[in-house]
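Here's the structure, in C-alpha cells; my notes come after.
The values are calculated or read from the model by the stated rules, or taken from the named source; none is laboratory data. Here the structure is a predicted model, which means the values were calculated and not measured. Cβ placement follows ideal geometry from the backbone for every residue including glycine, while neighbour counts extend to all protein chains displayed. Surface areas here come from the heavy atoms of the whole protein model, side chains and all, with no ligands, DNA or RNA. Shrake-Rupley method; radii C 1.70, N 1.55, O 1.52, S 1.80 Å.
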Amino acid sequence: MTATLLTGACTSNAPKQEGDVIDNSAFRPTDRNYTIDVLEALGRVNAPVVSPDGTKVLYSIGYESVEQNKSNLDLYVMNTDGSDNKRITRTPDSENGAVWIDGGKRIAFTSPVDGKSQLWVMNADGSDRRAISNVEGGIAGFLFSPDEKHVVMIGTVKYARTAADVYPDLPKATGRLIDDLNYKHWDEWVTEIPHPLIAEFDGNKLSDATDIMADEPFEAPMKPFGGIESFAWSPDSKQLIYVSRKKTGMEYALSTNSDLYLYTLADGTTRNLTEGMMGYDTNPAYSPDGKYIAWLSMEHDGYESDKNRIFIMDTATGEKTDLTTDWDYTADAIAWAPDCKSIYFIAPKDGVTPIFSVRLADKAVNVVADGTYDYASLAPLADGTLLTMRHCMTAPNEIMSVSANGEIKQLTNVNTEILAALDMPKVEKRMVPTTDGKLMTTWVIYPPKFDPNKKYPALLYCQGGPQQAVSQMFSFRWNLALMAANGYIVIAPNRRGLPGFGTEWNAQISRDYGGQNMKDYLSAVDDMKRESYVDADHIGAVGASYGGFSVYWLAGNHDGRFAAFIAHAGIFNTDAQYLETEEMWFANWDLGGPFWDKSNADAQRSFANSPHRFVDKWDTPILVTHGEYDFRILASQGMMAFNAAKLRGIPAEMLIFPDENHWILKPQNSVMWQRVFFRWLDRWLKPAQTEAAAEQK
C-alpha cells in the first residue's frame, strides 16, 4: 500500500473555449416517428440542487453527439418556481457534480484539467471560472463542509503491484502478478482504489490534502457505483461520515458488509458507527439539527438486493432505530425534511416508484407523490416544497416541484416539445395470473396508433439484475417505448425477484434461477397471446445480464412460444460464471454456493438450470451481443452461446464491442447496437415486411 497522491491549489484562469460544444436543444424530428435518432438527441436532465436561500435551482443537461462520439453536459440556473431559466455554461468539457457555495454567490464543480478531473469554482453567472485543485490522477467527486472551510475529495491510491515493482529491470513488462481475489471489477483491473482526501479551503485556494485513510488498503467510496453520496458532514463541520467495506482480497469478494465510519477532524480519530450490522450500510445523512444520522441498511451479509431499511441513530446516545420495520419494501434514496421530524424517500412499489415520507415519532409511512411515474431525486425546501425529477416509459427526466399540499408542477421542459411532435406508444398496466395463483403486475406497451383489429408481433422484455424494478423506467438503450414505436407490442412483467411487491416476492428468485420467475415470464406471454391483436407466431424475447440469462434459458425451454431471441451480456454457462465473476458474494447468495459442493441442494439445483444444459433443445434464431470490457459477465459467455447456436445449425449472429463493458455507452456503438437489434427482430418477427423490402432491392 502506498501513500496518497499529493494535492495542492491550481489557480489556472485559462478560459474555456466553446470548441465542439454538444447541444441538441434545437433538434426537432422530421416526422412523427419515434426513432433511434430521436432517442439519441433527447436531453438528459440531472438532479436539481437548491441554493442556500432556497430561491434558485442549479441543474445540468447532458447531450450526446453521434458525430463526435461523445457526450457533454452544461449547467443551468432557474428560480424554484421554474421561471428565469438560464444557461450558464457552454463548454466542450462537462461540468459535473455542481453545487452552490459562498451563500449562493458561487458554484463548485468538477471538470478536466489536462485530461484529469479537478475541482473548479466560478461565479453564479458562470464568470471567473478557476480550477482550485491539482490532484495527481484527478478526483471523482467532492463535498464541502457546511462552513465551507474544508472539502472532502475522492482521490485514488495505488493498490496492486506492477511488473516494475516486482522486477525493476523489466520496465516494459506488462504482466500482472496476482495472489488474491478482488483483482478486477466490472470493467477494470484493480490497480488503484478510491480514498477520501480532505483539504482546507480559504474561499479561494485549497491546502494540500490529507488522506484520512492513509495506509489503509480499503475503498471509500465503494466500487463500482459509490460516489459522493457515501459521505456526510456533520452540521457543525467537525466530523465526516464515510462508507467503506474494510476488507481486501477473498474476504472482500465474499462480503457486502460495509459500515459507516465517523472521522473527527480535530484529533484524526475514526469510529465505526454500524459495527455488528452485517449487510450494506450506505447513504449517510445528518438531520439539519445534527441530532440524528439516517442511512440505508441491509440486514444480511452477501445479499446485495436485500431490503434497504431506513435507520436513524441518535447522535447523543448512539441508539439505533429502524423506521421501516412495518413497511415491507426497499428504499432507494433518502433526504431529511427541514423540520427534522420525517424523512423523504423513494422506493419501488406496485410497478412504479413514488416518493414517500416516514415520521420519526410513529414510523408512519405516507405517499408524497405518485402516479404512473418513477421519481428519481429528492431536494426538500424549507417551505415544505420538494424538488425532484420524474420520468416514465415515454419521457425522460424533467424537474418537478411537489408542494406541501401535494400539487405537482413541471419546472423544466427540456424534451417536451420534441416528444409532443411524435406519435408515442401507449402504456397499459395489466394484472397477469401466475402458475402459483398470484397476480403479477405487467406493463404492456402498444405501438403508436395501435389498432386492435390488426395483428402485431410482440416482444417479451426480460429484466436484469436480477432484482431491479420493472417500473416506469426510461432507458437510453433498453427503451421499451422505442421498441413499441418500431411496431412491436412489448410485454414487461414484474416477475418473481423484482422489488416493489414485498420482500418475499423480491427474494424468491435467489437460488431458483430457471424456476418460478421463468414460469412468470411464460404466464405473461401466454396471457397476451390470447389477444386477437397479438401475432402468436411472431413473438421474441430480449434481455440483458440476468435478462440475457433468461433469454438463453428460454431458448431451451419455450415450447415453440418464441420466433427470435436477443441476449446481451447474459450468463450462458453458470458453472463458468461462478468462477469467472468477481463478486463472489453474489454468486454464493444467488446460486447457493459452488457447483462442486454435491451436498448443497440449492447449488446443485442452480447449476442444473444453467442455460447451456438445454442447448440440445435450441431451435430458434438468436442474436448475441456483448462487450469485451465486461468483467462482471465475461464476453466468453456470449461467445459460447453463439458458438453453440452455430454448431447446432441455428441462425445466429454476434455483435461484440471490444471497447465496451456491461453497458454499451459510446454514442456510435449505441446507435449500432440499436440498428442491429431492430434489424434482427424485423428479419424474424416481420417476415412479410422483410421479404417485401428484399424484393424492392
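For Gly302, the residues whose modelled amide H falls within less than 5 Å of its own, excluding neighbours fewer than 5 places apart on the same chain, are Thr256, Asn257. Phi angles across segment 660-674 convert, under the Karplus curve 6.51 cos²θ - 1.76 cosθ + 1.60 with θ = phi - 60°, into 3J(HN,Hα) values of 10, 9, 5, 10, 8, 10, 6, x, 5, 5, 5, 5, 4, 4, 4 Hz, Gly and Pro given as x.
Each residue of segment 428-439 is assigned a 3J(HN,Hα), and the resulting list reads 10, 8, 10, 9, 10, x, 9, 5, 10, x, 9, 10 Hz, derived from the Karplus form 6.51 cos²θ - 1.76 cosθ + 1.60 (θ = phi - 60°), x at Gly and Pro. Using θ = phi - 60° in the Karplus curve 6.51 cos²θ - 1.76 cosθ + 1.60, the 3J(HN,Hα) couplings for segment 217-227 round to x, 10, 7, 7, x, 7, 6, x, 10, x, x Hz; x is entered for Gly and Pro.
From the convex hull of the Cα coordinates of the chain, what is the mean projected area in square nanometres?
On the way: hull surface 129.0 nm².
Hull-based average projected area comes out at 32.2 nm².
Across all C-alpha atoms in segment 388-504, the radius of gyration and Dmax reach 16.0, 47 Å.
With a 1.4 Å probe and every protein chain kept in, tell me what percent of the accessible surface of segment 557-697 is carbon plus sulfur.
Details: 3260 of 6040 Å².
Carbon with sulfur: 54 percent of the solvent-accessible area.
Only Lys, Arg, Asp and Glu carry charge here, each on its Cβ (+1 for the first two, -1 for the last two); on that basis the chain has a dipole of about 1580 debye about its Cα centre. Straight-line reach from Lys56: taking Cα to Cα under 19 Å and skipping same-chain neighbours fewer than 8 places apart, the lysines in range are Lys86, Lys105, Lys409. In the structure shown, the pairs Lys184/Lys307; Lys307/Lys349; Lys238/Lys363; Lys149/Lys247; Lys158/Lys238; Lys149/Lys246 are assessed against 24 Å; a Cα-Cα span above that value is assigned to Lys184/Lys307; Lys238/Lys363; Lys149/Lys247; Lys158/Lys238; Lys149/Lys246.
Over all other residues within a Cβ to Cβ distance under 11 Å of Val38, the charged ones net out to -1, with Lys and Arg as +1 and Asp and Glu as -1.
Centre-to-centre, using Cα atoms only, segment 52-66 and segment 73-92 are separated by 6 Å. Between the listed residues Gln689, Ile346, Ala555, the Cα displaced farthest toward the positive end of the dipole of the chain, a dipole computed from Cβ unit charges relative to the Cα centre, is found at Gln689.
Under 5 Å from the amide H of Val534 lie the amide H atoms of Tyr456, each residue being 5 or more positions distant or on a separate chain, with H modelled from the backbone and absent for Pro and chain starts. About its Cα centre, segment 271-326 has a charge dipole of approximately 180 debye under the convention of +1 per Lys or Arg Cβ and -1 per Asp or Glu Cβ, with nothing else charged. For Lys519, the aspartates and glutamates whose Cα comes closer than 13 Å to its Cα, not counting residues fewer than 8 places off in the same chain, are Asp436, Asp527, Asp559.
The separation of segment 99-141 from segment 145-199, counted between C-alpha centres, amounts to 24 Å. Among the protein heavy atoms, those of Val367 account for about 90 Å² of accessible surface (1.4 Å probe, every chain in place). Ordered from highest to lowest accessible area with the whole protein assembly present and a 1.4 Å probe, Tyr329, Tyr261 read as Tyr329, Tyr261. Highest mean packing first, where packing is the average number of other Cβ atoms within 10 Å per residue, the peptides 632-642, 510-520 line up as 632-642, 510-520.
Heavy-atom accessible area for Leu579, with the other protein chains in place and a 1.4 Å probe, reaches approximately 100 Å². Calculated on C-alpha atoms, the gyration radius of segment 187-300 divided by its Kirkwood radius gives an Rg/Rh of 0.97. In segment 567-666, one over the average inverse separation of all distinct C-alpha pairs is 14.2 Å, which is the Kirkwood hydrodynamic radius. Accessible surface of segment 291-331, 1.4 Å probe: 42 percent of it comes from carbon and sulfur atoms. Candidate cross-link partners of Lys454 among the lysines, defined by an alpha-carbon separation under 26 Å and a same-chain spacing of 8 or more, comprise Lys426, Lys429, Lys529, Lys686. Over segment 514-604, the reciprocal of the mean inverse Cα-Cα separation, the Kirkwood hydrodynamic radius, stands at 14.6 Å. If you take every residue apart from Ser545 with its C-beta less than 10 Å away from the C-beta of Ser545, what net charge results, scoring Lys and Arg +1 and Asp and Glu -1? Overall, the nearby charge balance is 0. Once backbone amide H atoms are built at 1.01 Å from N, Thr625 has Ala567, His568, Ala569, Leu655 as its partners under 5 Å, excluding neighbours fewer than 5 places away on the same chain.
Taking Cβ atoms as reference points and 12 Å as the exclusive limit, the residues near Ser234 contribute a net charge of -1, counting Lys and Arg as +1 and Asp and Glu as -1.
Positive-end ranking of Ala601, Ser636, Pro667 along the dipole of segment 595-697, with charges on Cβ about the Cα centre, is headed by Ala601.
Taking every C-alpha pair closer than 8 Å and separated by at least 6 residues, the mean separation divided by the residue count of segment 607-672 gives a relative contact order of 38 percent. Once the dipole of the chain is set up with Lys and Arg at +1 and Asp and Glu at -1 on Cβ about the Cα centre, which of Ile312, Gly627, Thr191 lies farthest towards its positive end? Farthest towards the positive end: Gly627. Rolling a 1.4 angstrom probe over segment 97-253 with all protein chains present gives an accessible area of which 50% lies on carbon and sulfur atoms. Per residue, the chain exposes an accessible area of 41 Å² to a 1.4 Å probe, with every protein chain left in place. Legend: Rg and Dmax of segment 250-371, from Cα coordinates, 15.0, 49 Å.
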